[in-house]
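Single-structure report; data block below.
The values are calculated or read from the model by the stated rules, or taken from the named source; none is laboratory data. What you are looking at is a predicted structure, and each value in this text was computed from that prediction instead of being measured. Note that we place each Cβ from the backbone using ideal geometry, even for glycine, and neighbour counts take in every protein chain shown. We work out accessible area using only protein heavy atoms, side chains counted, and drop any ligands, DNA or RNA first. Shrake-Rupley method; radii C 1.70, N 1.55, O 1.52, S 1.80 Å.
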Amino acid sequence: MKILVSACLLGIDCKYNGKNNKNDKIIELLKYHELIPVCPEIMGGLPTPRIPAEIHQNKVIAKDGKDVTKQYQKGAEETLKIAKLYNCHTAILKEKSPSCGCGKVYDGTFTGTLINGDGITARLLKEHGIKITGETTLDITE
């Protein structure tokens, strides 16, 4: 099975702080599946490192107040193109991220407060029938 995966979970240094979220449990899946790494933020044109951002009132706002919604939307669209190109029906995405978060995201106050909701990319992939799971709720059964 081909599975779309947040690149940071595979050890790629693409997080906002220039680091990664390497997850050995996900890397172990390489034995059984083809993992397709994506980083919507980079594909949307944002640099690494970058100012952290959170979703607030349906917009993605960086901690310095800059509206980066367009970059997040572009990254989501590019990620969807890759998912379609590789015929991925499942994605493992970084939880809580304004792009990849699934089920819970930070509330836009930069206080670590979580609210119910999905990141921009997770929402778009779901709208196109792609099953999304996070790294702690890993479930790739079809």
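Checked against (1) in a loop (DSSP other than H, G, I, E, B); (2) of a type in the set (A, V, I, L, M); (3) open to solvent by less than 20 Å² (accessible area, probe 1.4 Å), I51 passes all but condition (3). None of C8, C14 is in a helix (DSSP H, G or I), farther than 19 Å from K131 by Cβ and at pLDDT 95 or above except C8.
The criterion of at least 1 residues that are without any contact (Cβ under 8 Å) to a residue 12 or more places away in the chain is met, among strands (runs of 3 or more DSSP E) falling completely within the stretch 67-137, by 114-116. For the stretch 86-138, taking the residues that are open to solvent by less than 60 Å² (accessible area, probe 1.4 Å) and of a type in the set (D, E), the one that is nearest to the chain's Cα centre (by Cα) is identified as E95.
If you check K74, K59, K63, K131 for being touching a Ser or Thr at 6+ places or on another chain (Cβ under 9 Å), closer than 18 Å to E41 by Cα and not hydrophobic (A, V, I, L, M, F, W, C), only one passes: K59.
When each of K63, K74, K19, K70 is tested for being touching a Phe, Trp or Tyr at 6+ places or on another chain (Cβ under 6 Å), open to solvent by 50 Å² or more (accessible area, probe 1.4 Å) and closer than 21 Å to V105 by Cα, the lone residue that passes is K63.
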